[in-house]
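The values are calculated or read from the model by the stated rules, or taken from the named source; none is laboratory data. No experiment lies behind these values; they were computed from the predicted model shown. Reconstructed Cβ throughout: ideal geometry from the backbone, glycine too, with neighbour counts over all protein chains shown.
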Amino acid sequence: MPLHSYFALTAFSFLLMFFTFQYLRLKHSGSDVIGIPTIEKLHFYSGKIAIITSWTLFVLKAISPGLGYVNIPTGLSWVAVGLLYFGVIILTMALLKLGKSLRVGLPGKGTKLCTTGIYRISRNPIYLGVHIIAVASCIYFPDLINVTFTIYGIFMHHRIIKQEERFLAERFGTDWLIYSAKVSRYV
């Protein structure tokens, strides 16, 4: 396996351990990990599955570099791995900052509006990190199936974000309006 494959697998191993730790921490504290889907359940969960599939294809390509019908230059593989690490950093920072407010779907009643840390740069840094990793996957493994899953997943997540922001506007009123006027949706 090429060196970039080991770096990619290390990043995904970290993500798996981090997600597992976050899930166990939330469950231990009594928090519900699953919130209410913001769009139709089929679209909501299929968008999540599409992104996870794209990430899985990245891992499979790292394990088996000969996979697929498009061979990319080694330099481009390193660009993809660099984007992967950038996405992992953004995603990790965002998840840590949310703490107990983290949900897949709409949050519970005790949720607070997070406007500090990485949330001063992006209103949706979790989705930004997720999308960067998916785009990195398409660079690393530019297969039509992977690109299709990524485009679909990003499109569904954009719909989810728009509904989440409507919810946040209703929940936090003026605080949300001030925050959303200062900070853009993605970057």
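A Cβ distance below 8 Å, combined with a sequence gap of six or more or placement on separate chains, defines the contacts here; from the range 171-187, residues that are of a type in the set (Gly, Ala, Ser) reach residues that are not in a helix (DSSP H, G or I) in the pairs Ser180/Arg123; Ser184/Ser122; Ser184/Arg123. Any residue that is farther than 23 Å from Lys61 by Cα and touching a Lys or Arg at 6+ places or on another chain (Cβ under 7 Å) - is there at least one of those in the range 124-144? The answer is yes, given that some residue of the range 124-144 is farther than 23 Å from Lys61 by Cα and touching a Lys or Arg at 6+ places or on another chain (Cβ under 7 Å). Within the range 91-114, the set of residues being at pLDDT below 95 and among the polar types (S, T, N, Q) comprises Ser101, Thr111. Looking only at residues in the range 1-24 that are farther than 21 Å from Leu102 by Cα and among the aliphatic types (A, V, I, L, M), the one that is nearest to the chain's Cα centre (by Cα) is Ala11. Scanning the range 113-120 turns up no residue that is among the hydroxyl-bearing types (Ser, Thr, Tyr), closer than 30 Å to His4 by Cβ and either free of Cβ contacts under 8 Å to residues at least 40 places away in the same chain or crowded, with 17+ Cβ neighbours inside 10 Å (or both). Entry remark, the range 75-105: residues being free of Cβ contacts under 8 Å to residues at least 60 places away in the same chain and not in a helix (DSSP H, G or I) number 0 in total.
Among the residues of the range 40-59, not a single one is among the charged types (D, E, K, R), under 11 Å from Tyr140 (Cβ atoms) and modelled with pLDDT of 95 or more. So is Ile133 surrounded by fewer than 20 Cβ atoms within 10 Å (Cβ to Cβ) and under 14 Å from the mean Cα position of the chain (by Cα) or not? Here the answer is no, as Ile133 does not meet what is asked. Scanning the range 23-62 for residues that are outside any loop (DSSP other than H, G, I, E, B), aliphatic (A, V, I, L, M) and surrounded by 12 or more Cβ atoms within 10 Å (Cβ to Cβ) yields a count of 10.
Residue selection: Asn71 satisfies the criterion of being within 29 Å of Tyr6 (Cβ to Cβ), of a type in the set (S, T, N, Q) and modelled with pLDDT under 95.
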